[in-house]
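A.B. asks: Next up is a structure, given as structure tokens.
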There are 2 protein chains.
Amino acid sequence: MQPRVPEPTEAADPAWNREAWLLEPDSVQRALDVLAPRSAGQVVREAFYGTRRFDDFRRHTGLTPGVLSARLRDLTDQGILTKVAYHDSGSRRRHEYRLTDKGRDLAAAIISLLNWADRWLPSPGGPTVVLAHRGCGASIRTELRCADGHPVDSLGDVQAAPGPGAREAADPAGGTRDR
Amino acid sequence: MQPRVPEPTEAADPAWNREAWLLEPDSVQRALDVLAPRSAGQVVREAFYGTRRFDDFRRHTGLTPGVLSARLRDLTDQGILTKVAYHDSGSRRRHEYRLTDKGRDLAAAIISLLNWADRWLPSPGGPTVVLAHRGCGASIRTELRCADGHPVDSLGDVQAAPGPGAREAADPAGGTRDR
DNA sequence: GTGCTGAGTATGGTTTACGGTACTCAGCCG
DNA sequence: CGGCTGAGTACCGTAAACCATACTCAGCAC
């Protein structure tokens, strides 16, 4: 409440008064809401691993048909997957689910999560999936960098500030009461 | 089932036979399990925004005390937050919650999610929080890059392969039956 | 010692998500 | 035409997560 200044090494700490702003709807939350239902995360991950068909999703994730069906519908409605017709010879026309640009753009988030878990929640036998640069063969990871190309090594280099969508709180100074 | 080769632009598609391997426990899933309960994501996000105290978490997230208490305990048990004693003058000794190294290392994932939502799920008034490089002022984003420093522009550059933790499926060739 | 505040605990109901199983339905295959 | 398969739908019951509200409890302030 006082101008207690957190050490900058702590996190992307705001220099502004966090109490004075309403940050809903928060972008991190909106993204997590998409991936949060376990089944949604499983389906998206499988899509990244190359799965496309209903029954393959079902076997790879262990989801029941009802849940899987609902999730595929949700993700399609959200524009993360798209239904594409295909026609195996000697079989009837069906459709499969593929990532859209919007879905594919989750790659950085997915890979960041994968790297994080491999480092901090390692499974006994080592990672089950490894990602390598095709050709060069070196492992893939995410880097934080600013638009001018400077690397971001610590969260102390990150300055969080209210954006255009932030609203000022009704009572920034007075009581802590805001509900 | 046939060696249908997915176009490499689709995703981090495996050149290996996805059917022949059991990939549990998947790293993406383990990471998402940490952030998946809505309240966990909210708490971690707030921690990144600089929140440290129980009551501040409660107001910023809108969580009820019971849920918040449970979540802080979970995250502390998982080593993502840590309890640190502090002593405001004229007040009694209390403790606050700070990110650990493990928690701080979620930055790339959190920021990737934030960037993704800002691009694909924009809120009407624009982003509520913007991240800038301290000093330089340019916006922060994540980049995919391999350990040799080559940038990864498309998922076609990413080759997924089974890691040391992957187990071969019992019946790779025969029936599709595996349950 | 009474009151206030920050930090929780306790209890109880509700919603959301998930699992299990059975069933449908369209079309190619013989 | 009857069966098989991929792709679902329908109808349950259960479990996890959540919300609302009330209460406790420690210490400083007066």
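A.B. asks: Quick one: which of B:Gly149, B:Gly135, B:Gly90, B:Gly126 is surrounded by fewer than 18 Cβ atoms within 10 Å (Cβ to Cβ), free of Cβ contacts under 8 Å to residues at least 24 places away in the same chain and more than 27 Å from A:Asp13 (Cβ to Cβ)? Show your work before the answer.
C.D. replies: Values: B:Gly135 fails: more than 27 Å from A:Asp13 (Cβ to Cβ); B:Gly90 fails: more than 27 Å from A:Asp13 (Cβ to Cβ); B:Gly126 fails: more than 27 Å from A:Asp13 (Cβ to Cβ).
So the residue among B:Gly149, B:Gly135, B:Gly90, B:Gly126 that is surrounded by fewer than 18 Cβ atoms within 10 Å (Cβ to Cβ), free of Cβ contacts under 8 Å to residues at least 24 places away in the same chain and more than 27 Å from A:Asp13 (Cβ to Cβ) is B:Gly149.
A.B. asks: Return the pairs, sorted by first residue and then second, in which the second residue is within 12 Å of DNA strand D (Cβ to nearest atom) and part of a helix (DSSP H, G or I), the first residue lies in segment B:55-78 and is under 18 Å from A:Trp21 (Cβ atoms) and without any contact (Cβ under 8 Å) to a residue 24 or more places away in the chain, the beta carbons are less than 6 Å apart, and the residues are 6+ apart or on different chains.
C.D. replies: Correct list of pairs: B:Arg58/B:Leu68; B:Thr61/B:Gln42.
A.B. asks: Could you list, in sequence order, all residues of segment B:93-118 that are under 16 Å from B:Leu131 (Cα atoms), free of Cβ contacts under 8 Å to residues at least 12 places away in the same chain and not aromatic (Phe, Trp, Tyr)?
C.D. replies: If the condition is that a residue be under 16 Å from B:Leu131 (Cα atoms), free of Cβ contacts under 8 Å to residues at least 12 places away in the same chain and not aromatic (Phe, Trp, Tyr), then B:Arg104, B:Leu113, B:Ala117, B:Asp118 are the ones that fit.
A.B. asks: Sticking with this one: Here is a check on your reading of the model: is A:Asp33 modelled with pLDDT of 85 or more, within 28 Å of B:Val129 (Cα to Cα) and assigned to a helix (DSSP H, G or I)?
C.D. replies: Numbers: modelled with pLDDT of 85 or more: yes; within 28 Å of B:Val129 (Cα to Cα): yes; assigned to a helix (DSSP H, G or I): yes.
Criteria met by A:Asp33.
A.B. asks: Further question on the same structure: Is it the case that B:Leu23 is crowded, with 19+ Cβ neighbours inside 10 Å, within 12 Å of another protein chain (Cβ to nearest Cβ), within 12 Å of DNA strand D (Cβ to nearest atom) and under 30 Å from A:Phe57 (Cα atoms)? Write out each step before concluding.
C.D. replies: On the way: crowded, with 19+ Cβ neighbours inside 10 Å: yes; within 12 Å of another protein chain (Cβ to nearest Cβ): yes; within 12 Å of DNA strand D (Cβ to nearest atom): no; under 30 Å from A:Phe57 (Cα atoms): yes.
No, not satisfied.
A.B. asks: Output the residues belonging to segment B:69-106 that are modelled with pLDDT under 95 and more than 17 Å from B:Phe48 (Cα to Cα).
C.D. replies: Passing the criteria: B:Ala85, B:Tyr86, B:His87, B:Asp88, B:Ser89, B:Gly90, B:Ser91, B:Arg92, B:Arg93, B:Arg94, B:His95.
A.B. asks: Could you list all residues from segment A:36-50 that are facing chain B (nearest Cβ under 7 Å) and either more than 16 Å from DNA strand C (Cβ to nearest atom) or touching a Lys or Arg at 6+ places or on another chain (Cβ under 9 Å) (or both)? It would help to see each step written out before you state the result.
C.D. replies: To start, the set of residues in segment A:36-50 that are facing chain B (nearest Cβ under 7 Å) comprises A:36, A:38, A:41-42, A:45, A:47-50.
Within segment A:36-50, A:Ala36, A:Gln42, A:Ala47, A:Phe48, A:Tyr49, A:Gly50 meet the criteria.
A.B. asks: So which of A:Ala117, A:Ala166, A:Ala160 ends up being within 20 Å of A:Ala47 (Cα to Cα), within 7 Å of chain B (Cβ to nearest Cβ) and surrounded by 18 or more Cβ atoms within 10 Å (Cβ to Cβ)? Quick ask: steps written out before the conclusion?
C.D. replies: On the way: A:Ala166 fails: within 20 Å of A:Ala47 (Cα to Cα); A:Ala160 fails: within 20 Å of A:Ala47 (Cα to Cα).
After ruling out the rest, the residue left standing is A:Ala117.
A.B. asks: Applying the selection to segment A:61-78, what residues are surrounded by fewer than 16 Cβ atoms within 10 Å (Cβ to Cβ), more than 11 Å from DNA strand D (Cβ to nearest atom) and not in a loop (DSSP other than H, G, I, E, B)?
C.D. replies: Listed by number, the list holds a single entry, A:Asp77.
A.B. asks: Take A:Arg30 and decide whether it is within 8 Å of another protein chain (Cβ to nearest Cβ), buried (at least 22 other Cβ atoms within 10 Å of the Cβ) and either more than 12 Å from DNA strand C (Cβ to nearest atom) or charged (D, E, K, R) (or both). Before the answer, list the steps.
C.D. replies: Details: within 8 Å of another protein chain (Cβ to nearest Cβ): yes; buried (at least 22 other Cβ atoms within 10 Å of the Cβ): no; either more than 12 Å from DNA strand C (Cβ to nearest atom) or charged (D, E, K, R) (or both): yes.
Here the answer is no, as A:Arg30 does not meet what is asked.
A.B. asks: Also: For segment A:34-60: of the residues being among the acidic types (Asp, Glu) and crowded, with 16+ Cβ neighbours inside 10 Å, which is nearest to the chain's Cα centre (by Cα)?
C.D. replies: Among them, the one singled out is A:Glu46.
Residue-by-condition table, conditions (1) more than 10 Å from DNA strand C (Cβ to nearest atom); (2) within 11 Å of chain A (Cβ to nearest Cβ):
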| site | (1), (2) |
| --- | --- |
| B:Arg52 | no, yes |
| B:Asp56 | no, yes |
| B:Val67 | no, no |
| B:Ala70 | no, no |
| B:Ser91 | no, yes |
| B:Asp101 | yes, yes |
| B:Ser112 | yes, yes |
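The values are calculated or read from the model by the stated rules, or taken from the named source; none is laboratory data. All values reported here derive from a predicted model rather than from experimental measurement. Note that each Cβ is placed from the backbone with ideal geometry, even for glycine, and that neighbours are counted across all protein chains shown.
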